[in-house]
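Undergrad: Have a look at this one.
The values are calculated or read from the model by the stated rules, or taken from the named source; none is laboratory data. The structure presented is a predicted model; accordingly, all values stated were derived computationally and were not measured. Reconstructed Cβ throughout: ideal geometry from the backbone, glycine too, with neighbour counts over all protein chains shown.
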Amino acid sequence: MNTGGRLILFVMVFLVSTSLQAVAGDIQYKVYGLNFSPYKDGQNPNWQTPITQAQLLERMSIIQPYTRWIRTFGTSDGLEFSGAVAHGLGLKAALGAYISSKLDTNETQIANLIAAAQRGEADLLIVGSEVLRRSDQGEDSFPDAEAKLIEYIGRVKQAVPGIQVSYADTYGELTAHPNLVAICDVLFANYYPYWEGIAIDSALASLETRYQQVKAVAGGKRVIVSETGWPSEGNTVGDAVPSPQNANRYFIDFALWAQRNKVDYFYFSAFDETWKATAKNPQEAHWGVWDKDGKLKPGRDAVFSGRECLFDWAEQNYPQLFAPASQATAAWSVYTYRYYPGTNVYLGVSATDGNVYYQGPDGYLMNEGPLSYWLPQAGCQSL
């Protein structure tokens, strides 16, 4: 990027960051990372839609207060500057090269990935995403995929020593390809209980089992959840039902599980993207934490406010007060709360003053002070 381009980007980042200060002050918890793609209605990477740095900044600034990392999926048509924009916003960047059976296109992707890393715009590099899965399912036939991926990863590691390099795929593909696991510095594994037809009640238990399977073959390397999520609309798959309620529950349950188990992750995904939908799979357009227009979906604020983490912490640390554990979160009037029938108590947060309230069996409502005070006590602040 030339000096003039860097100056313009700096000015844009400064203006956006200033406008976000009030918003960021209301957020108590940041997720580790979000899978990020900037495409809006009428844009499509398959059409090689050019993405400007201004659009990267516009879309990334929406999620900037809510996450520490972004992860990308390509290095062409303007996406190669994603890392520069992310760093300008104070975010870390896991930059990805899109790898397919088109070898000439792969060379461009790899070259741009290396160039971005050499410019200091990447904190982690991903060479390909679900290449093996697509080939195995006939979506993109690539007979020598594993060998080429190992070659590409080796070239990138040699070109940018000091930056961790990985490859992302479903947990099953990783466990089936030990040579790929061996060359990666860190493992990026995708888990989708929805696509396996698993009911929402069993989704997190399933994910944890699959996660342990990858850890077992990782040889002590860090295992990152590179993708997981639940669509808010679309087709039912087996016992997996897409709905706003289930999507919210999965996001909350997963974020709590990841924090409790100290698992790093990139949630899928930042935005709904219309271009992904097909007649067969309309749900592909509905995986976002934000809708296609950049509005946070109702109920997703529960993770970022930290209140779900607080409720979970209270259950674990004070079982004599909050039992049985894992009660559903509900809303009434200005309160978001959990009711514990075993002890006949309520624990809630008021939207009016942001304070935590406890109602005991005697029916007396006690103000326990600001949520912002309790979150650090509970280990729920990750700003």
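Undergrad: If I ask for residues that are under 20 Å from the mean Cα position of the chain (by Cα) and β-branched (Val, Ile, Thr), which ones from region 224-243 would you list?
TA: Across region 224-243, the qualifying residues are Ile224, Val225, Thr228.
Undergrad: For region 200-239, how many residues are farther than 17 Å from Tyr171 by Cβ and touching a residue at least 24 places away in the same chain (Cβ under 8 Å)?
TA: 9
Undergrad: Another question, then. Going by the conditions given, is Ala86 outside any helix (DSSP H, G or I), surrounded by 22 or more Cβ atoms within 10 Å (Cβ to Cβ) and in the same structural domain as Tyr267 (by TED's automatic domain parsing)?
TA: When the stated conditions are applied, Ala86 does not pass them.
Undergrad: Of the conditions (1) at pLDDT 95 or above; (2) out of contact with any Cys (no Cβ under 6 Å at 6 or more places or on another chain); (3) crowded, with 17+ Cβ neighbours inside 10 Å; (4) closer than 23 Å to Thr105 by Cβ, Asp136 clears all except one; give me its number.
TA: Of everything listed in (1) at pLDDT 95 or above; (2) out of contact with any Cys (no Cβ under 6 Å at 6 or more places or on another chain); (3) crowded, with 17+ Cβ neighbours inside 10 Å; (4) closer than 23 Å to Thr105 by Cβ, Asp136 misses just condition (1).
Undergrad: Here's a follow-up. Just to be sure, is Glu121 touching a His at 6+ places or on another chain (Cβ under 7 Å), in contact (Cβ under 8 Å) with a residue 12 or more places away in the chain, more than 23 Å from Ala189 (Cβ to Cβ) and charged (D, E, K, R)?
TA: yes
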